[in-house]
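Below: one structure in structure tokens.
The values are calculated or read from the model by the stated rules, or taken from the named source; none is laboratory data. Since we're looking at a predicted model, the values are computed, not measured. FYI the Cβ positions are ideal-geometry reconstructions off the backbone, even for glycines, and counts take in every protein chain you see. Quick note on the areas: whole protein, heavy atoms, side chains included, nothing else; ligands and nucleic acids left out. Shrake-Rupley method; radii C 1.70, N 1.55, O 1.52, S 1.80 Å.
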Amino acid sequence: MSELIMQALYSGVLQGGSYALIALGLALVFGTMKVINLAHGELVLLAAYMAYTVESRFGLSPMFAIPVALVLVCICAVLVYFLISLIRKDRELNSLILTYGVGIILTNAVLLIWSADVRSTSSAWMQDALVFGPFYSMRSEVLFFVVSMALMGGLWWWLSKSWYGRAVRAVSSNRDAAKLMGINPRTTEIVSFVVAGILAAFAGVAIFSYGVIQPAFGHALTVKAFIITVLAGIGSIPGVMVGALLLGIAEALTVTLASSALQELVGMGLFLLVLFVMPNGLFGAAGRRG
Amino acid sequence: DEILVGAEIPLTGSLARVGAGMHEGISVAVDVFNKTNGKHTIKIVTADDESAPAKAIAAVEKLAGDGVVAITGGYGSNNIGPASDAANKLGLPYITSGGVAENLTERGYKTFFRINNTAGYQKAMVGLLDTMQIKSASVVYSTKEATADLAKDVEKELAAKGVAVTLHAFDPAITDFKPIINKVRLQDKPEVIVMVGYENDYVGILRAAKVLKPKVKAMVGVWSLATPKMASDFPDLMPSVYGTALLPFPAEFQTEEGKRFADTYMKLYNKAPDYLGQFGFVQSMILFEAIARAADAGTLKSGGIAQELARTDRQTLIGRVQFSDKGDNLNFVHRMGQHQDGKIAIVWPSDAATGKMNFPGVPW
Amino acid sequence: MLEIANVRAGYGAINILWDVSLSVPTGQLTTIIGPNGAGKTTLLRAIMGLVPLSQGSIRLNGEPLDGSSTWSMLERGVAMIPEGRMIFKDMSIEENLMLGAFPKAHRAASQANCEKAYAMFPRLSERRAQLAGTLSGGEAQMLAMARGLMSDPKLLIIDEPSLGLAPVVVNELFEILARLKAEGRTIVLVEQNTHKAVGVADHVHLMQSGKVVLSQPAAEVSLEALHELYFAR
Amino acid sequence: MKMSKTGLAVIFAAYVLVPLLLGSNSYVMSLIVAAMIIGGIALAWALLGNLGGMVSFGHSAFFGVGAYVSAILTMKAGVPVLAAMLLGGAGAVAASLAMLPVLRLKGPYFALAILAYAHIFKILATEWSSVTGGSAGLASVPRFPTLMGVDLSSKTGSYLIVLSLLLVFIAAYRLIRSSHYGIALRAMHDSEDATRVVGVNSTLLKALMLFVSAFMTGVIGAFNVHYINFLEPDYAFSGLWVTLPIVAAIFGGYRTILGPLVGAVTVYLVDQLVFKNLIPSGHQLVLGALLVAMIIFSPGGLMPLLRKGSRRKHAAA
Amino acid sequence: MLRLEDLSVRFGGLTAVNTVSLSVGSHEVVGLVGPNGAGKTTLFNAVSGLVKPSSGRILFDSADMLRTPLHRRARMGIGRTFQIPQPMHELTVRENLIVAQRFGTGAVDTRKIDEVLEFTALTDKAERHAATELALTELKALEVAKALATNPKLLLLDEVLAGLETNGKRRFMGMLKDLHEKFAVGILIIEHDIETISNLCHRVAVLNFGELIADGTPDKVFRDPEVMKSYTGASDA
Ligand SMILES: Nc1ncnc2c1ncn2[C@@H]1O[C@H](COP(=O)(O)OP(=O)(O)OP(=O)(O)O)[C@@H](O)[C@H]1O
Ligand SMILES: Nc1ncnc2c1ncn2[C@@H]1O[C@H](COP(=O)(O)OP(=O)(O)OP(=O)(O)O)[C@@H](O)[C@H]1O
Ligand SMILES: [Mg+2]
Ligand SMILES: [Mg+2]
């Protein structure tokens, strides 16, 4: 039994790392602009399909897709930002709908370009087992877990220590006041979209390397990412990390200790529980008054 | 004279992939039929049901409005149910291979025909396990309708034979199967793992199994597994894996019809046929022939097609087809194939076998 | 230092400022007073580029400002201290202060300036980590003031700094303003406390209904005459 | 309530002319009914969004619960279909009781929390198979009865039912919106504390809006199940029951009462009749592009755009 | 009418209001003064129900209010303004008042609303949108108007006079006096300006670091050297 639980924890942690990578970009944009980019999952998916193309066309490891994916996904992310910036009023709601529309466009574009087939890596290296004592995993899972941690650490350091991080939060807190501080809100916002694009690119290649992809998967990715963002509390990067790990572990433990059919239920339950007990998320700012 | 036949097919949405596969088979059937029949010409009108029940109804009604005499197609029992309901109301015969739910044939419609069913897949899986003489199995299955039905039926039959079976349901959304496989590995310790799911689930399960290496003798699955596509897309995961398969791969056809099917398929789509196309082809050929007979008898507009369909008794690429009075194929039995060296050999039943079973054998 | 000529501006269809002209000499404290709704805040916002001009021009050191963005103002040495509502509510006091020194040139001195600000308003230093949104009204006002000084601006534009401050702090505030002036900074002050404002000012402008109705050197201003003008609406 | 002449004319046309002219074409009728189902949910969704200030991504929860309650009541307890439909709405309200804690949440938090409920209900419907039939679902759900010689289960009959439901919903929506509760609800959007200190019980008001919206959606869900005669968890709680109505509501203008309906009929019919023929396997792409364009160029939706257009025409004339 | 008994409010380690006992009668106008951050607004928040006291009691018309929800307190007759104005953003000025009156009193009387608008000099801004189209002082006037529209028995005014021009201030003070005399509305008002307070109030309570350090007539309180020291920094005013 203990061996089972150990493996479940390990699987959960690795899975959490991948969730975190997907969620981070969404959380970043949400934290900076109060905009939920409902097309974030599709951006991730786009990167995954780039990895597929690189692998199937040129026979290269999916890792080589990262530069291409970075460029393409960042361009798309900036385009999304550009569209959002054209919204004239009620940005919070309208951006939701707008990005939802972008998601539909991307999903169908992916469908038209790559067809509905299930894709995943065929690279043996990525799929091979990596075993540390009682802990089993695929190489790619560990690889991207490390990548995820590194990106997360870097981003966290950057946001909390750099001036840019402050600027980002200032813009989301009070746009006019931020301008008075010498901050150009558009630049900050574009930068956060680009960073979200970079994260999405890594996340996409990661998913292709240890999971399966299909054109319709984008939406599910966005929802997972959002759940984690809420667990975390807006604007908290360590929160995203903890939320993602918590979700991954809770899911894995549910399979081990109860039934695997209930895995999703537990994820949702956890989400609601945290919302009720801590409406601001695990790491969100405390209550505020006028 | 040109007779219009409707194809109600998911071309978008979650079932787009399988829908496209079936549609290819239907197109091949049209080509073959029009070339060989000489007297009647069939024209297909396609309507996308977007993998959604309400749209499936609308699609059937649209096709009826276009003047089709019958409908071939349908994927997913939840779309086929309402769609064939609508067809029945409109008096249109509906033939499918896309949904195996029991309740479809329990309605007792005179216009509904299905060439495959859960029982056929179940027979094949249990038959294979019988041949292997295993004593214990773990069934890992998706909670979706078709998969859950099949998994439970297989469990019942195996349990009745004295095989120790454990069931593991999983939500279709999950991607990491290691916790499940680990449970199987450490707690169940079965001789065989039976997988009842779809392509993405198989990839996940097999990957997890390849990492954890449970001590089993075989990995057995159902549809969408022993296919050329899986063999070429996931060469590392597939060796020795079993799945239902109608065709060996590379496909070899002994019959005249089979050869014509394969040639036309190659000509139209420039690839080897798979089981989706094959089902689409068979259901459509049966329908077209019934239409031709009804047209000859002059009963095309007076319910003749359904009557002719009910009388079907014919050898096809999937074996002999005869319909019960509820429209189910009485003789449907599937075969089991095994991935061997990037190819697929039919290993069960023995009279259809094209290769020797590689047992015990797993991908790792 | 600042030349405002024939400025018209407003919010959407509503025009507020009607041909406002005034100049702010370097090194002096210019105060703008006037009844509520006269358009004082609107004028300050127009200088900072937060409200677009529909006519007229604003020049800083001879260079026209039209069309230049709000966020470039700090780099040009112009800082605005808005009312206390405009703090970053979900950031800590310390972070609010640091943001006052956002432009690259000011970052190096930010730590030192921060300490200076705390010395000026000890109340803030007790609560560096508290979220600004939970501050009391007066504390928020102090924070806005301290934040505006973080970039050592040459031209300071201040909107009703004494609003909500207790008398003891108001006194200190005007001492601070006098000190800033002595340091050679140029200041534009909008204040409701006429008495005190005229006391520190070099020049006084009275605004009414979007127009400047009186401009005088502070020394010549008679408070009584001013009040009479005030009420003669 | 006042009713304009055009309003009456439209209602007359809807009840009499549409069945007379189109009743024989079951394809067109089924498209119209489907569009009206989407429109009904869109209306309920917009009511919650506009009056309650709450954007929900989980209306499929109400749709599914309404459908299941009504189907099970008719199949297992023999409740007459029309009564069961209302009980389906009541069931959705009961389900929304479980959601009361999320009323404390705002914006996207609320939106996604509701979505979580939809997921949970779906999993429950799958797992509680003794009552719900599990993932196999319920087939042969009873049809609408024949009333006063009208076969309500026919296309035209179903159309008349859903039309009547929508009219009742519209009337209720108008009533609520023009009441003082309507203004208070609008007041709460960004300023909850301010509204509460003048005596508004904001939690109660929000809860009431949630109930009304849930009821409407539940009734529509129940209507749909008796119309389609079939139910299973994936279908009942499908995300489509949220996304399409949202698209429709936004397209039509979610702050207006008729906007969501007009949006649903337009989007659905144009998509099915035009785009689907142009791009058979990716026609939703056009839908997405349309949505994006709409948000950017006419965020108020189609209705204001139409009004502007007609005003311009008047001016020209 | 209002009685506070040993009221305390704590935020984490900070005691913003410390065992304060205070009463306001229906015949009284009471000033609440004290340096910035003394806990005045927090005390209002506790009385109107926005924050939960950590200990002590709040009695209104002899009823214990601790468990009374916010909106019910408003209906019982406690009206308040916010120091940082919080209009109902999506509504026009008039609609703000309609909501306040409908839910604060249970009925709508248009004449009364016009009166309140007139009173607060908002008549010609009545159709403007509160959130985006008002200047700060107008927002403050709206705060008062909203509170008045609920027909309060007790008005809690948080620095409503700050930022007003001199004659505006005078007019406002006249209005408050009227209100008090004609309608027997008790008033508790936070204000920094000593002159205003002396002019307006029967009694003054002084808070310093959360504690009540004086409570009496303005004459007496403003002569207390300790008060004046904490308040103006000088020993005489
Ligand atoms: N965002 C806005 N939209 C429309 N009108 C506005 C807006 N802000 C202010 N106004 C109007 O502009 C006029 C001038 O406002 P402004 O804030 O400039 O006055 P002020 O002189 O600063 O007054 P105060 O002493 O009250 O601060 C007021 O009548 C006000 O109603
Ligand atoms: N939510 C909170 N968390 C932490 N501290 C708080 C919170 N709310 C208020 N405070 C602190 O409590 C103290 C009292 O605040 P309060 O707003 O009551 O002061 P005040 O007397 O109204 O001051 P002012 O005259 O400046 O408005 C302040 O120091 C403030 O920083
Ligand atoms: Mg002002
Ligand atoms: Mg205060």
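Express in Å², to the nearest 10, the accessible area of C:Ser68 obtained by rolling a 1.4 Å probe over the protein heavy atoms while all chains stay in place.
30
Is any helix in chain D, taking whole DSSP H runs, at least 18 angstrom long along its axis by alpha carbon and on average at least 1.6 on the Kyte-Doolittle scale, and which ones?
D:26-50, D:81-97, D:284-297
A further question on this structure: Between 0 and 90 degrees, rounded to the nearest ten: what's the tilt of helix B:199-212 against the longest Cα principal axis of chain B?
10
Measuring from label point to label point, each 7 Å out along Cα→Cβ, what is the E:Asp178 to E:Lys220 span in nm?
The answer from the label model is 3.2 nm.
Rounded, prolate or oblate: which fits chain A, taking a ≥ b ≥ c as square roots of the Cα gyration tensor eigenvalues, rounded meaning a/c under 1.5, else prolate when a/b beats b/c? Display every interim value, and only then the final one.
Working: a/c = 1.75, a/b = 1.25, b/c = 1.40.
Oblate shape, in that a/c is at least 1.5 and b/c is the bigger or equal ratio.
Another question, then. Using Cα atoms only, what is the angle between the long axis of helix A:217-232 and the major principal axis of chain A, expressed in degrees (0 to 90) to the nearest 10?
70
Which shape class applies to chain D: rounded if a/c is under 1.5, otherwise prolate when a/b exceeds b/c and oblate if not, where a ≥ b ≥ c are the square roots of the Cα gyration tensor eigenvalues?
rounded
Placing +1 at every Lys and Arg Cβ and -1 at every Asp and Glu Cβ, with all other atoms neutral, what dipole size does the protein assembly as shown have around its Cα centre, in debye to the nearest 20?
It works out to roughly 820 debye.
Let me cross-check A:Thr256: its accessible surface, 1.4 Å probe, with only protein heavy atoms counted, in Å² to the nearest 10?
10
Quick check: with the 1.4 Å probe, what order do B:Glu8, C:Glu220, B:Glu252, C:Glu83 take by accessible area, largest first?
From most accessible down to least: C:Glu220, B:Glu252, C:Glu83, B:Glu8.
Sum up the charges of everything whose Cβ sits under 12 Å from the Cβ of A:Ser172, counting Lys and Arg as +1 and Asp and Glu as -1, but leave A:Ser172 out.
Summing Lys and Arg as +1 and Asp and Glu as -1 gives +3.
Are there any trypsin sites (Lys or Arg not before Pro) in region E:27-129 that are in a DSSP loop and have at most 10 other Cβ atoms within 10 Å? List them by number.
Here the sparse-neighbourhood loop sites are E:Arg67.
For a label point 7 Å from the Cα of D:Ser178 along Cα→C-beta, name the residues of region D:1-41 whose backbone N is under 12 Å from it.
Within reach of a label on D:Ser178, which here means backbone N under 12 Å from a point 7 Å along Cα→Cβ, region D:1-41 contributes D:1-4.
Can you give the accessible area buried between chains C and A, summed over both chains, with a 1.4 Å probe, in Å² to the nearest 100?
Chains C and A together bury roughly 2400 Å² of accessible area.
Leaving out ligands, DNA and RNA, what percent of the accessible area of region A:2-217 is carbon and sulfur, probe 1.4 Å?
Carbon and sulfur together cover 70 percent of it.
Measure off, as a whole percent, the carbon and sulfur share of the 1.4 Å-probe accessible area of chain B, all protein chains present.
With neighbouring chains kept in place, the figure for chain B is 50 percent.
Go through E:Lys182, B:Lys267 and list them by solvent-accessible area, largest first, probe radius 1.4 Å.
Order by accessible area, largest first: E:Lys182, B:Lys267.
Sticking with this one: How much accessible area per residue does chain D have, in Å², with a 1.4 Å probe?
37
Find the sum over both chains of the accessible area lost when B and A are paired, probe 1.4 Å, and report it in Å² to the nearest 100.
Rounded to the nearest hundred, the buried surface is 2900 Å².
Right, another one. Suppose a student asked you for the relative contact order of region A:107-188, using Cα pairs under 8 Å spaced at least 6 residues apart; what percent would you report? Intermediate results must be reported in sequence, preceding the final value.
Working: 41 pairs, mean separation 10.5, N = 82.
In percent, rounded to a whole number, it is 13.
Separate question: Once the other residues with Cβ under 12 Å from the Cβ of C:Gln55 are scored (Lys, Arg +1; Asp, Glu -1), what is the net sum?
So the environment of C:Gln55 carries a net charge of -1.
Which lysines have a Cα lying under 27 Å from the Cα of B:Lys89, excluding residues fewer than 8 positions away in the same chain?
B:Lys43, B:Lys55, B:Lys62, B:Lys110, B:Lys301, B:Lys326, D:Lys76, D:Lys155, D:Lys276
R0 = 30 Å: FRET efficiency of D:Leu167 with A:Asp90, Cβ-based, nearest 0.05?
It comes to 0.55.
When the convex hull of the C-alpha atoms of chain B is computed, what volume per residue in Å³ does it have? Spell out each step's value before the answer.
Details: hull volume 43.3 nm³, N = 364.
Taking the convex hull of the Cα positions in chain B, it is 119 Å³ per residue.
If R₀ is 35 angstrom, what is the calculated FRET efficiency for the pair B:Lys215 and B:Ala173, using the beta carbon separation as r and rounding to 0.05?
0.75
Additional query: For a label point 7 Å from the Cα of C:Ala105 along Cα→C-beta, name the residues of region C:47-67 whose backbone N is under 17 Å from it.
C:60-65
Return the calculated 222 nm mean residue ellipticity for chain B, to the nearest 500 deg cm²/dmol, obtained by summing -39500 (n - 2.57) across DSSP H runs with n ≥ 4 and dividing by the residue count.
My calculation for chain B gives -13500 deg cm²/dmol from helical runs alone.
Could you give the distance between the Cα centres of region D:146-160 and region B:34-62, to the whole Å?
So the two Cα centres are separated by 28 Å.
Please state, as a whole number in µm²/s, the translational diffusion coefficient that the Stokes-Einstein equation yields for region E:49-177 at 10 °C and 1.306 mPa s, with Rh defined as the Kirkwood radius across alpha carbon pairs.
104
B:Gln315 versus A:Lys161, label points 7 Å from Cα toward the beta carbon: distance in nm?
Between B:Gln315 and A:Lys161, the label points sit 7.8 nm apart.
Work through the residues other than C:Thr31 whose Cβ is under 13 Å from its Cβ and net out their charges, Lys, Arg +1 and Asp, Glu -1.
-1
Anything losing 50 Å² or more of accessible area from the isolated chain to the full protein assembly: pick those residues out of region B:197-223, probe 1.4 Å, ligands and DNA/RNA ignored.
Output list: B:Asn200, B:Arg207, B:Val211.
If you don't mind, there's one more thing I want to ask. Using R₀ = 25 Å, calculate the FRET efficiency as 1/(1 + (r/R₀)^6) where r is the Cβ-Cβ separation of A:Leu79 and C:Asn15; round to 0.05.
With R0 = 25 Å, the Cβ-Cβ based efficiency is 0.10.
Would you calculate a helix-derived [θ] at 222 nm for chain A, using -39,500 (n - 2.57) for each DSSP H run of n ≥ 4 and dividing by the full residue count, to the nearest 500? If you can, show how the numbers build up before the last one.
On the way: 12 runs with 218 residues, N = 290.
The helix contribution divided over chain A gives -25500 deg cm²/dmol.
Further question: Which residues of region D:94-111 bury at least 40 Å² of accessible area once all protein chains are present, versus their chain alone (1.4 Å probe)?
D:Arg104, D:Leu105, D:Pro108, D:Tyr109
If I fit a long axis through the Cα atoms of helix B:16-37 and take the longest principal axis of the Cα atoms of chain B, what angle between them do I get, 0 to 90°, rounded to 10?
50
In whole percent, what relative contact order does region B:42-193 give with Cα contacts below 8 Å and a gap of six or more residues?
16
Taking a probe of 1.4 Å and counting only protein heavy atoms, give the total accessible area buried between chains E and C in Å², rounded to the nearest 100.
Approximately 2200 Å², summed over both chains.
What is chain B's relative contact order, in percent, from Cα pairs under 8 angstrom and six or more apart in sequence?
It rounds to 19 percent for chain B.
Follow-up. Expressed as a whole number of Å, what is the distance separating the alpha-carbon centroids of region D:204-226 and region C:1-38?
Cα centroid to Cα centroid, the span is 55 Å.
Follow-up. Classify the protein assembly as shown as rounded, prolate or oblate, taking a ≥ b ≥ c as the square roots of the eigenvalues of its Cα gyration tensor: rounded when a/c is under 1.5, otherwise prolate if a/b is larger than b/c and oblate if not.
Details: a/c = 2.35, a/b = 1.95, b/c = 1.21.
The shape class here is prolate.
Could you rank C:Arg185, B:Arg335, E:Arg223 by how accessible they are, 1.4 Å probe, largest area first?
These residues rank, largest area first, as E:Arg223, B:Arg335, C:Arg185.
A further question on this structure: How far apart, in nm, are two points set 7 Å out from the Cα along the Cα-to-Cβ line at B:Met266 and at E:Ala107?
About 9.2 nm separates the two model spin labels.
Per residue, what accessible area does region E:136-214 have, given a 1.4 Å probe and all protein chains present, in Å²?
In whole numbers, region E:136-214 has 32 Å² accessible per residue.
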